[in-house]
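The values are calculated or read from the model by the stated rules, or taken from the named source; none is laboratory data. As the structure is a prediction and not an experimental result, all values here were calculated from the model. Glycine gets a Cβ as well: all are built from the backbone with ideal geometry, and neighbour counts include every protein chain shown.
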Amino acid sequence: MKAALLSGAAALALGVGAVPAFAATTDASSSSSSASSSSVGPTSQTTKSSAEFDTSPNAAIALDSAPNIGFGANATPNGKINMVYSAATADNPVEVSNPGLGSGWNVQVKNTAFTDATGDTLKGAVLSLGEPDVSAGNQGNPSTEPSATAFKLDGTGTNALVFDAAAKGGLGIWDAEYGLAEITLAVPAGQMGGIYSSTMTWQLNDTPQ
């Protein structure tokens, strides 16, 4: 950058022979060094981290448990009204463990008629399980939670859907827990006394329903 500098003083003209004054300029760059340039190096870096998780080729989704249900001892229902009994015991949740397979899965159940040792059946009996509480076996499980539904069994061997996980969902361990108040047995009046039992068959399938 050049700067103009005023040099000398104005001459005073007193008649002839007056000496004129001149403005002179100088180049500032001639008396100072050029500004030095500076360079800035990299201020960020991009890196990667990796992790490998291997699922055994022999791994399989498993049905770990299902409930045995008891209704205790009751008076034979032969009054004017049909009876509904709440469960007295239910020992296990419906539990499914998935070691890392993305197929999805579902659990279904069917039952036989309630029958005693002599072959008599509890005619018209309907076993009902309400909607259970669903929870993971560990805190913070990030996979899609499976759904569980209420169902009824009438002893005819018809399957009912219990527990269902979508593809890539239901990973890890998942429980469907039935409270005693959610399990009932409806029995119409007009029955023989006896100890009746029904076999429940719980079936795991490695596909979503």
Is it the case that some residue within the range 120-136 is within 28 Å of T55 (Cα to Cα), surrounded by 15 or more Cβ atoms within 10 Å (Cβ to Cβ) and of a type outside the set (A, V, I, L, M, F, W, C)? yes
Does L63 qualify as being part of a strand (DSSP E or B), buried (at least 18 other Cβ atoms within 10 Å of the Cβ), at pLDDT 95 or above and not acidic (D, E)? no
First in the range 37-63 and farther than 11 Å from P99 by Cα, second anywhere and surrounded by 10 or more Cβ atoms within 10 Å (Cβ to Cβ) and not hydroxyl-bearing (S, T, Y), Cβ under 7 Å, 6 or more apart: L63/V96; L63/V107; L63/W202; L63/L204
Taking the range 195-209 and keeping residues assigned to a loop (DSSP other than H, G, I, E, B), modelled with pLDDT of 95 or more and exposed (fewer than 15 other Cβ atoms within 10 Å of the Cβ) leaves I195, T199
Counting only residues that are in contact with a Pro (Cβ under 6 Å, 6 or more places away or on another chain) and not aliphatic (A, V, I, L, M), which one in the range 165-188 is surrounded by the fewest Cβ atoms within 10 Å (Cβ to Cβ)? E177
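Does A150 satisfy the criteria of being under 29 Å from A75 (Cβ atoms) and among the hydrophobic types (A, V, I, L, M, F, W, C)?
Details: under 29 Å from A75 (Cβ atoms): yes; among the hydrophobic types (A, V, I, L, M, F, W, C): yes.
Yes, satisfied.
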Per the list (1) of a type outside the set (K, R); (2) more than 30 Å from N58 (Cα to Cα); (3) touching an Asp or Glu at 6+ places or on another chain (Cβ under 8 Å), residue check on L180 breaks on (3)
